[in-house]
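Every number in this text was worked out from the coordinates using simple rules, so none of it is lab data. The structure displayed is predicted, hence computed values, not measured ones. Cβ placement follows ideal geometry from the backbone for every residue including glycine, while neighbour counts extend to all protein chains displayed.
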Amino acid sequence: MTLLRLELLRLRAQPRVRVAFAICLLGPPLLGLVLSAQAGLPRDTLFGRHVKESGLALPLLVLGFAGTWALPLVTSIVAGDIFATEDGHGTWQSLLTRSRTRAEVFTAKLQAAVLASLTLLAVTAGSSLVAGLALAGDQPLTGLSGTQIGAGRATGLVLLSWASELVPLLGFTALAVLLSIATRSSLAGVGGPLLIGLLMQLLSLLGALGSAANALLTTPFAAWHGLVRDDPYYGPLWQGALVSLVWVVGCLVPARRILLARDIT
């Protein structure tokens, strides 16, 4: 626990982490203010046309954007730097001479990265929901089938939709950790997952992979679409969670092995 507390304190002191937190907290309310001041609405986006009708549409509008671009970026800002920063500052020797093993350091840093990513996700979800309710109130939500969903059930679906992003977010966290350790570069650790995510999105949009696109780490971010329908389907959620867990294991196992075998002297 001492190592974990130390890592969390170090993360809190980093300007880039504070900026990411501020964006997650203030971004949704600012978007709500912009939309409320506009005569037109982003009708070409999911739930964009309904943000003035129901406050439960804004968090889903934000979710559609966040799952595509923002969430991979904010988790990489933390996880992609948390190991590489020791290489950049040459502090591995001092860190590993405090009666702590490499395995313990790996675990503490990974836990800190996961907690930071989950916090950023929760802050974005909460900020979006509060901003949406302040903008349009808790009116019934028009689902993807075109029918009204009561406010109580719609609120539960919004929260469940945001919660469904947890596992693919952990997948990108693991990917960022792997790149951070393997390259010893904060630039590669932070920028690499974002570029890989953009490539995955491009391949999905082009339809170049067919059904193999289900194995991409970005695909599970859209699995929540099946929840906000008259006939909800959950297959993509379970499939996406399994795919994400495969990515988590596939990235963390080699990352741990690389760190434990590395010559740090």
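Numbers for the structure displayed
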item: Calculated from backbone phi, Karplus (6.51, -1.76, 1.60) coupling profile of segment 169-181 in Hz, x at Gly/Pro; result: 5, 5, x, 5, 4, 5, 4, 5, 4, 4, 5, 4, 6
item: Relative contact order (%) - criterion: Cα under 8 Å, at least six apart; region: the chain; result: 26 percent
item: Amide H contacts under 5 Å for Ile149, placed H, 5+ residues apart; result: Leu141, Thr142, Gly143
item: The chain: Cα Rg divided by the 2.2 N^0.38 Å rule of thumb; result: 1.08
item: Packing-based order for 135-146, 155-166, using average beta carbon neighbours within 10 Å, highest first; result: 155-166, 135-146
item: Dipole magnitude (debye, nearest 20) for the chain, charges at Cβ of Lys, Arg, Asp, Glu; result: 640 debye
item: Selected from Leu198, Thr75, Leu135, residue furthest toward positive end of dipole (segment 61-206; charges at beta carbon); result: Thr75
item: Highest to lowest packing among 18-28, 200-210, 45-55, scored as the average C-beta count within 10 Å; result: 45-55, 18-28, 200-210
item: Rg to Rh, two decimals, where segment 152-228 supplies the alpha carbon set and Rh follows Kirkwood; result: 1.07
item: In degrees, nearest ten, helix 235-261 long axis to first principal axis of the chain (Cα); result: 20 degrees
item: Separation of alpha-carbon centers, segment 185-216 and segment 100-170, rounded to whole Å; result: 22 Å
item: On Cα atoms only, tilt of 186-206 relative to the major axis of the chain in degrees; result: 40 degrees
item: Karplus (6.51, -1.76, 1.60) ³J(HN,Hα), θ = phi - 60°, over segment 54-59, in Hz, Gly and Pro reported as x; result: 9, x, 8, 7, 4, x
